[in-house]
Amino acid sequence: MRVARVVVHADVTSFRHPFFVTGRQPTFDMPPPSTIHGHCASALGRWPDPLTFFFGLHFTYRSRGQDLEHQHIAQPLSPRTTTRIRTLDGDVRATTEITIQPVPREFLFDVNMTLYLPTAVGAAFRSPTYTVILGRSQDLAEVVSIDEIDLERAGRARVEHTLLPWSVRPCLHFGSTLLLTKYISEPPERRATFERYVVLHEPAFYGEGADPNRAFLQVEGVSFDDLWVDPTIVDDDGFARGVWIHRIADEAPADA
């Protein structure tokens with residue numbers, strides 16, 4: 001399977017939980033699939049076709065921290081409000097009130113993200129259309145390297161620092177489960193699709209010779225067809241880096 005391997009580095013980044021609007025803003029440990037889709041769109045200058053787009057992910061960070069960030073909260077005023085604002089055309093009645101409040105925001109420090117992408121999408125990172133960022137608009141990032149490689153079918157794989165589909169949850173007794181945005185449709189609808197994933201930091205092994213305590217369990221009905229390996233990255237025990245290929249749309253979006 002021919003893919004582009006794109007390595008991106010960022011000093012800081014943050015992936016906000018979509019259901020936290022005010023108050024403390026925690027970050028996900030890894031970018032949601034919809035964020036990766038948008039990240040690739042900024043390089044292409046257009047939205048990658050959700051029906052053909054896929055990605056594999058390897059994501060690490062050195063540490064996490066917290067800082068204060070200003071939130072600007074706007075709310076409409078009552079029609080009976082008498083507050084006036086002076087403009088060049090005279091005084092007008094205020095219709096909106098904006099308050100500013102500092103909130104603690106979590107961030108990840110010294111981030112390295114490796115994406116396995118369709119070759120045409122990966123090539124766009126050689127001359128990205130928009131500024132390369134990762135997470136928030138102020139979180140500048142840099143493209144470290146772009147290579148074309150051939151992924152191979154998994155024989156012996158070391159899987160870590162990645163996202164796995166919910167379908168393999170019965171095969172693992174470690175890793176955390178998160179509800180993440182899988183796909184957000186194009187404007188103006190911007191409909192979000194959510195799906196459960198397993199966030200895996202510690203290594204899990206697939207194939208012969210794996211430590212039984214760290215191996216994927218064999219469960220009837222669970223498919224590993226989307227598990228591939230990067231044969232250029234192999235650990236001391238001969239296990240190649242496992243790459244799970246994710247897709248974000250199984251059918252045409254409703255607004256297509």
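Data for the structure
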read-out: Hey, Ser145 over 16 Å from Val7 (Cβ atoms) and of a type in the set (S, T, N, Q) or not; value: no
read-out: Flag if Thr181 is in a loop (DSSP other than H, G, I, E, B) and at pLDDT below 95; value: no
read-out: Residue check for Asp49: closer than 16 Å to Leu134 by Cβ, among the charged types (D, E, K, R) and surrounded by fewer than 16 Cβ atoms within 10 Å (Cβ to Cβ); value: no
read-out: Criterion: farther than 22 Å from Phe107 by Cβ and not acidic (Asp, Glu) - qualifying residue of Gly56, Gly38, Gly65; value: Gly56
read-out: Any hit, region 189-203, residues being within 16 Å of Ala154 (Cβ to Cβ) and outside any loop (DSSP other than H, G, I, E, B); value: yes
read-out: Members of region 14-44 found to be outside any loop (DSSP other than H, G, I, E, B), closer than 26 Å to Glu148 by Cα and in contact (Cβ under 8 Å) with a residue 24 or more places away in the chain, listed by number; value: Pro33, Ser34, Thr35, Ile36, His37, Gly38, His39, Cys40, Ser42, Ala43, Leu44
read-out: Number of the condition not met by Asp139 [criteria: (1) of a type in the set (Asp, Glu); (2) out of contact with any Ser or Thr (no Cβ under 6 Å at 6 or more places or on another chain); (3) over 17 Å from Phe55 (Cβ atoms)]; value: (2)
read-out: Whichever residue in region 86-104 is surrounded by 10 or more Cβ atoms within 10 Å (Cβ to Cβ) and among the aliphatic types (A, V, I, L, M) and, among such residues, is modelled with the lowest pLDDT; value: Val92
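This table checks each residue for (1) touching a Cys at 6+ places or on another chain (Cβ under 9 Å); (2) among the hydrophobic types (A, V, I, L, M, F, W, C); (3) over 19 Å from Leu117 (Cα atoms).
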residue	(1), (2), (3)
Leu200	no, yes, yes
Pro203	no, no, yes
Asp211	no, no, yes
Leu227	no, yes, no
Asp236	no, no, yes
Gly242	no, no, no
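The values are calculated or read from the model by the stated rules, or taken from the named source; none is laboratory data. Computed from a predicted model, the values in this text were never measured in an experiment. Counting neighbours? That spans all protein chains shown, and the Cβs are built from the backbone with ideal geometry, glycine included.
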